[in-house]
Amino acid sequence: MSPGPARVVEVDPARLDRWIDGFTQRHGQPERSPGADPQAVPFVLSAPDGAVAEVLAWAPGAVDLPARLGLVLVRRGGYAVGLADGDRLTDHHCGTRYVQSRTAAGGWSQQRFARRRGNQADALVERVIEQAADRLLTPRRPRADGLVVGGDKALVRQVLQASVLGRLTDLPRREFYDLPDPRLKVLQETLRRGRATRISIAEPEPA
């Protein structure tokens, strides 16, 4: 039986063996084989009933979960920067900054609004750059082995374009752009997701 559409699940690394046990119970003893590109898919589980689970690499350039992660989250309503050793935040800072939303008004008011909004966004980006440089970099090298970013894609891109953060951009990276305004709780949840093992699973559709 051929598998149906694939979906991606996120599994805590400590629970991966338990997840595989559950997959085996549901679908039968699977055959384990290397992925077509082991740097992207370290191994594949192919079950007797047609179910297929591809265990994905942590990120391009990193098959395994990095031991230490740097996190940089930014949206118009705030930001969070953190450093984690395993599943524990060892350093972090969360802040709030207000960047006005777009408006449909025109004329001089529109131009003044755009300048003010641009200045607010620039101030937010500069603050995040300062925090990221202070908490995630030593004078010679990054404190982290991998980077997790998220929030507003355009603002994240502006932050990472800063020359002072150049060494961070060379790290393997995961990205999450479906986050609410960063707060400590959001930072902790993003760390959990950033550490998760991603598995693409396709199961047989019911007859």
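Some observations on this one:
- Considering only ARG174, ARG68, ARG26, the Gaussian network model of the chain with Cα springs below 10 Å gives its largest mean-square fluctuation to ARG26.
- Net +/- balance of residues flanking ASP170 in space, Cβ distance below 13 Å, scoring K and R +1, D and E -1: +2
- Rounded to 10°, Cα long-axis angle of helix 16-27 versus longest principal axis of the chain: 50
- Gain upon complete extension [GLU175, ALA67; 0.36 nm per residue less C-alpha separation]: 37.1 nm
- Accessible area in the full protein assembly, largest first, 1.4 Å probe, for HIS27, HIS92: HIS92, HIS27
- Rg/Rh for the chain stands at 1.09; both radii use Cα atoms, and Rh follows the Kirkwood definition.
- Computed extension gain for ALA133 through ASP145, at 0.36 nm per residue and net of the alpha carbon distance, reaches 2.8 nm.
The values are calculated or read from the model by the stated rules, or taken from the named source; none is laboratory data. Since the structure is predicted, the reported quantities are computational estimates derived from the model, not experimental observations. Glycine gets a Cβ as well: all are built from the backbone with ideal geometry, and neighbour counts include every protein chain shown. The area values use the complete protein model at the heavy-atom level, side chains included, leaving out ligands, DNA and RNA. Shrake-Rupley method; radii C 1.70, N 1.55, O 1.52, S 1.80 Å.
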